[in-house]
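Reading through the structure tokens given below for one structure.
Just so you know, all these numbers are worked out from the coordinates, no wet-lab data involved. Because the structure is predicted, anything quoted here is derived from the model rather than measured. Here the Cβ is made from the backbone with ideal geometry for all residues, glycine too, and neighbour counts use every protein chain on show.
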Amino acid sequence: MNRQLDNFTFVLFGAKSDLASRKLLPSLYRLARWGQLPEKYRIIGVARSDIGHAAFRTLARESIIAHAPETIGDESQLDSFCENLYYVCADFTQSEGYVSLREEIDRGIAHEASCSNLLFYLSTPPGLAPHIIDNLEKNGLGGKSITCKGWRKVVIEKPYGFDLETARELNAIVAGAFHEEQTYRIDHYLGKEPVQNILVFRFSNGMFEPLWNRQYIDNVSITIAEDFGIRTRGAYYEKSGLLRDIIQNHGLQLLASIVMEPPVDLSAEAVRDEKEKVLRSLRPLTTDNVRKNVVLGQYEGYRDEEDVAPDSIVETYAAVRLYVDNWRWKGVPFYMKAGKNLAKRVTEIVITFKCPPQNFFGHPESCSYTANQIIIQVQPEETIAIRFGAKRPGKELVTDPVFMKFDYKTSFESKKMSPYQRLLLDAMVGDQMHFVRQDTVESSWAVIDSIRESMKGVVPEPYPVHSWGPELK
């Protein structure tokens, strides 16, 4: 194990959720399988269903076999992991369930687990987060009420509120029970290897950092495209929409990673300070300029989805042009496109450089065809490609674009950690670098709220399924 972990108890609220089944339980098993959990640990699942320890262990086993079959290995290792699983039935809004939870936590002392070290994970709908935090504090399980030498932490899933006002309300509730250094607001995109590599790519390579500014870069585009619709999330999407679901978190976090200034050091606070400065530097979008810089869309057939209103004007696509009004980036447009049911599933960042002052090769207007680019693909592949111009074979001096590509799969032999596996481990050891801070949450909501307010009443443009959505002019 690379980082020393204290013995602890992991409390999973929403233990029967889709996220717990697909991501969290398999990731916890991977950590155990790879020797990255401490010698003694307990995992307590909490949900409303009245099942016991044995049934929860069976559910966890089935989830791991279904979603992480490659990690099973020796069946005895899976058996050993499941022996550390326990279950508490609780209504998250009622105090009684937390009494039962505390009793189960205290029972771990007899098993020699370190129950003074507690990590709470909220894999629950956002509306339940205030109830859970409030009840933890009332029942002596909050981070500020700890009386022993151990630690307490809370991990909260997105969406962190539905707008700036609710985010501030949730921040106030969390701050009443946990200190900021005990609070981990998770965005799984920040656990993806290519996203974490942006910091290294920029600041450890002398051939790139001097060019990372308005003098050399023409524009930056960020695409977060999915080739499927909302599936069974109609009720959620009718309240959320694409801007809240994708742009507010994933999109703005990718932007901050690309734009941020060099941190004074690699501490979590130094890195998060620079990301927060980016969001505060974004040019405001108002009713005067928003229509020129934002296009909203809705895929054809969305209104026929389950739990969707027949006259819904909720957006399933957004294209946004943003400007960062600071010294380094003044005047450079940042294009952000995200949507459902688009042509293909891809998340990538494309940095396009300015053309040379004079083009000697090929058609005078051909620079955009061969413009230098850095293409960072986050998914489905994890690659970094550099596009440059090269002479086309033959007598004439004409350039064509060619690519040099780095691929994580072929370049490294080490075992790959999933985003949730990596972020869970970071939370356990207390590394907050790849978690979102309170002020950054509020700054990102301020951006989205200004767009939503300025676009209020605008009917999204319909677009065909598996197209690229309406264009931003």
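When Lys and Arg each count +1 and Asp and Glu each count -1, what net charge do the other residues less than 12 Å away from Arg185, Cβ to Cβ, add up to?
Details: positive: Lys153, Lys158, Arg272, Arg437; negative: Glu157, Glu180, Asp187, Asp439, Glu442.
Taking every Cβ under 12 Å from that of Arg185, the sum is -1.
Gain in length, Glu193 to Glu238, computed as 0.36 nm per residue apart minus the alpha-carbon separation, to one decimal in nm?
Working: separation 45, 0.36 × 45 = 16.20 nm, distance 3.17 nm.
Taking 0.36 nm per residue and subtracting the Cα distance, the gain is 13.0 nm.
Bridgeable lysines around Lys40 (alpha carbons under 25 Å apart, same-chain partners fewer than 8 residues away excluded): Lys16, Lys23, Lys144, Lys149, Lys153, Lys415, Lys416.
By the count of other C-beta atoms within 10 Å, a proxy for reagent exposure, Cys82, Cys148, Cys89 are ordered fewest to most as Cys148, Cys89, Cys82. Shape of the stretch 111-193 from its Cα gyration tensor (a ≥ b ≥ c, root eigenvalues): rounded if a/c is under 1.5, otherwise prolate when a/b > b/c, or oblate? It comes out oblate by the Cα gyration axes. Which of rounded, prolate or oblate describes the stretch 402-473 when judged by the alpha-carbon gyration tensor and an a/c cut-off of 1.5? Here the stretch 402-473 falls in the oblate category.
Could you put Phe412, Phe178, Phe208, Phe334 in order, starting from the residue whose Cβ has the fewest other Cβ atoms within 10 Å? Mind dumping the intermediate values first?
Values: Phe412 10, Phe178 24, Phe208 14, Phe334 20.
Ascending number of Cβ neighbours within 10 Å: Phe412, Phe208, Phe334, Phe178.
With semi-axes defined as the square roots of five times the eigenvalues of the C-alpha gyration tensor, the equivalent ellipsoid of the stretch 313-378 measures 28, 18, 12 Å, largest first. In whole angstrom, note down how far apart the Cα centers of the stretch 243-277 and the stretch 394-448 are. If you average the Cα positions of each part, the centres end up 12 Å apart. Helical content of the chain, expressed as a calculated mean residue ellipticity at 222 nm, amounts to -9000 deg cm²/dmol (DSSP H runs of 4 or more residues, -39,500 (n - 2.57) each, divided by residue number, nearest 500). Partners of Lys277 within straight-line reach, counting lysines whose Cα lies under 21 Å from its Cα and excluding those fewer than 8 residues away in the same chain: Lys330. Quote to one decimal, in nm, the extra length available between Val398 and Glu181 on full extension: 0.36 nm per residue of separation minus the C-alpha distance between them. Taking Val398 through Glu181 to full extension adds about 72.4 nm, to one decimal. This ranking places Ile217, Ile349 by how few other beta-carbon atoms lie within 10 Å of each, fewest first, which gives Ile217, Ile349. Simple spin-label estimate for Lys456 and Leu128 gives 3.2 nm between the two label positions (7 Å along the Cα-to-Cβ direction from each Cα).
Note: the stretch 8-186, Cα convex hull, 112 Å³ per residue.
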